[in-house]
1. Past 29 Å, Cα to Cα: identify those pairs from 281/594; 257/293; 33/319; 113/651; 104/527; 117/593, in the order given.
2. Full-extension gain between residue 204 and residue 42, please, as 0.36 nm times their residue separation minus the C-alpha to C-alpha distance.
3. Hey, what do the phi angles of the stretch 189-202 turn into as Karplus ³J(HN,Hα) couplings, whole Hz, using 6.51/-1.76/1.60 and θ = phi - 60°, x for Gly and Pro?
4. When the Cα centres of the stretch 495-518 and the stretch 665-680 are compared, how far apart do they sit, in Å?
5. So how far apart, in nm, are the two label points at residue 699 and residue 70 if each is 7 Å from Cα heading toward Cβ?
6. For residue 257, enumerate residues with amide H under 5 Å from its amide H, sequence gap 5+ or separate chain, H modeled in the peptide plane.
7. At 1.4 Å probe size, with every protein chain present, just tell me what the per residue accessible area of the stretch 358-440 comes to in Å².
8. Can you tell me, using C-alpha contacts under 8 Å and at least 6 residues apart, the relative contact order of the chain as a whole percent?
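The values are calculated or read from the model by the stated rules, or taken from the named source; none is laboratory data. Since the model is a prediction, treat every value here as computed from it, not as a measurement. For neighbour counting, all protein chains shown are included, and Cβ atoms are generated from backbone atoms with ideal geometry for every residue, glycine included. Ligands, DNA and RNA are stripped out before the accessible areas are found, and what is left, the full protein with its side chains, is counted by its heavy atoms. Shrake-Rupley method; radii C 1.70, N 1.55, O 1.52, S 1.80 Å.
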Amino acid sequence: MKKNRLSTITRLILIIFLLCGLFNCTQRYKLNKLPEIIDFVRIETSRSTPLALDHIFTAKKYKPVFRPNSNIQLVYQPDSTKIILTPNDSFAGLTVINFTNENKDYCLPVIVKQKNKVTFSYKSPQPPREVFVMGNFNDWNRHSLAMIDEDGDGIFTCEVLLDDGLYEYQFVIDQKEIFDPENPEKTDNGFGYFNSVLRVRSPLADYAANLYILPGENEDTVTLAVDCTGDNQDIRYFIMLDNQLCPPECYHSANKKLYLDLNALEPQAGMHVLRATAQYKNQPGNVVTIHLKNGKPLSNSVFIWNDACLYALMTDRFKNGDPNNDRPVVHPQLARQANFQGGDFTGIRQVIESGYFDDLGVNTLWISPVNQTTDSAYQEWPEPHNYFSGYHGYWPTAARQTDTRFGSIEELKKLVEVAHRHNIKILLDFVSNHVHAEHSFFQDHRNWFGQLDLPDGTQNIRRWDEYRLTTWFDTFLPSFDYENSYEALQIMTDNAVWWLKITGADGFRHDATKHVPYTFWQTLTRKINSRINSRRSLDTFQIGECFGSNDLIRSYVNNGMLESQFNFNQFFAARRTFVDPQGDFRDLDLALKKALEIYGYNHLMGNLMDSHDQVRMMAFLDGDLTLSDDGTARAWQEPPITVDNPTTYQKALVLLGYILTIPGVPVIDYGDEFGMTGANDPDNRRMMRFGEELSPPEKEQLRQVSQLIMLRNGHSALRRGDYIRLHVEKDLFVYSRGDVHERLIIALNKSASSQIVEILLPDWLKGQSLHSLLNRNTWPIDTNTVQFNLAGYGFEIFIIKP
């Protein structure tokens, strides 16, 4: 009896010891992680906006108690855990809603914005039956914005409320799409036609009060410059540590400077996020973000996801490390470029071990889908009905098996382990929208999937916007119907978590985000938070693929779903700017400003040069294709596209200089680093080349791109800093990034002619000279004016010397 009693006591002590160890481990993880941050919510005047609480913040239980706000009426719906915000008719600007949840204090920053009234007008030469306007402001919905001829004069109009920004649109006249005949400004839309272009800017925008970080040697104080036309006493400041407003004793302002006392902040231990913004005449400005650890600005040695440089690779097209697993599909009509070419996990691991990515400076790899795929060739639904294999991985036929042509799960785990030893993170590409028809899920659970045939007799194939959540990508790619199949949703989200657990991968790139309902992403993220993130020192990173309006893309990026999406709207704006002979940096400036406003001033959106679903930029820059050419048809034609003009590499460097220095996460598609070209799929997915397979110009391009990425890695202002545009004209773009450590200036010239650039710097931007980080050139600053030379198709990155 005594022995049994001792054994019981020993077991209890062991259990207590293990629980204490688990608690201490969890606390240590929390201290070394950035906290979840409640983002700024943007709503419109005189309009009620519903918001889901689990999109705003994460909690085990939602029992919020909201304090009254004189500017916004708030209604809480406990059953749906939603709030409805309705601003007062007379209010516009920034306000904060304070609340508690489970005895923890929070604040929800809300920006109430008055949109601009824009009237679209179309005069018809002949009486039409119906007229609509569509554009990137309504996800190109052909029927949501009807134009009406109210007085019968033949002029159809439609009034739309729009934010400041750059927009493209068309009219739909009796089902026929046309550009606006009264608007002389239009751009190639990539489909052999044109979109009209519209710029919208509020006259009140100039009143905004913006803040910019001034580098300093004192780690106890952060000094911000206040850039505003108003007097200091009329500017209102909002300072937040994590998700709470800081008391006034933590900061003070004088002489257009704002001083933040870091010693006055509570708490000090662990990782925290300090945010500051200002408002003048109800016009809120930018948001400055400073990451802290133990009460001091975060050092360059601590990795956060803002520091990621993402490299996208397609396993089959990267490196053949094990020819023994090669097994191309045999089919008489399957072309070589649409078949398997031998790349595998072993090849990727060998490239990591060779130090290629270390030399390039890349620290995050996005690997194409790894799941088992079909052994057959399938004919695509769109004309000209080419045959493809599943070499790309996006046709999964099994839930938890890798394709043996890529390698085993053990080889994938080894790849991840080797990557981690090289301080490289791994993102797996997860396909949640569909499976291949050979998949057992479709064979055994037909009710999990939507219908291919529609009631009107047409087929629901590639109806991207009309049937966004149910459309099939092809006749052999059935899409899940998660909204009507709870079982499918649970199994697929469990599968995603399983892949993270079994491989040790650091996150996901998610395919076709907008075609999967919000409830899927909410469920998946809850499971990742509880089953994965609670046991890791670095939270997983999820980045999605979504084409559509900024509002649609943004709707998937919140604390309850994804951390990021690819910024395709900015990608298309950059492509037009650099490719179209009439391309204008002022349009790109508007797109960049819009992205900062929509996604946040320290966002994690992916900035791309290329996409594996688009013509490669080198083909455009070299003049092999125009934006209106059929890149898909060219992909199958001989001879293949090559880079013929040496200046094409210089143009690409200017574009990469832009991508690697703006806010967000840069995304390098494999081969971008040396200038790989190609038309559309599958020509844009050529086999990767290394070493002596590269030409001398490609080797030089690789060297310069590596230098650029290393510069980004070495200068925190390019990864976590603020942003201000200093000068913009058609072919010239100059902007600055800064943090507590340094202030940099980036200059881009996309014209063939060299330019003498003269910039008047803001009064707060002080320094003696600009020192080039790319060469040894130094340019003096004379009473806030600096002049420097910029080569044709050239760029510079300067650091301001005090």
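1. On the way: 281/594 21 Å; 257/293 24 Å; 33/319 35 Å; 113/651 38 Å; 104/527 23 Å; 117/593 20 Å.
33/319; 113/651, as the Cα separations exceed 29 Å there.
2. Numbers: separation 162, 0.36 × 162 = 58.32 nm, distance 1.70 nm.
Here the segment from residue 204 to residue 42 would lengthen by 56.6 nm.
3. 9, x, 10, x, 8, 10, 10, 6, 10, 9, 10, 10, 8, 6
4. Cα centres, the stretch 495-518 to the stretch 665-680: 24 Å.
5. 7.1 nm
6. 226
7. Value for the stretch 358-440: 34 Å² per residue.
8. On the way: 1715 pairs, mean separation 79.7, N = 802.
That works out to 10 percent.
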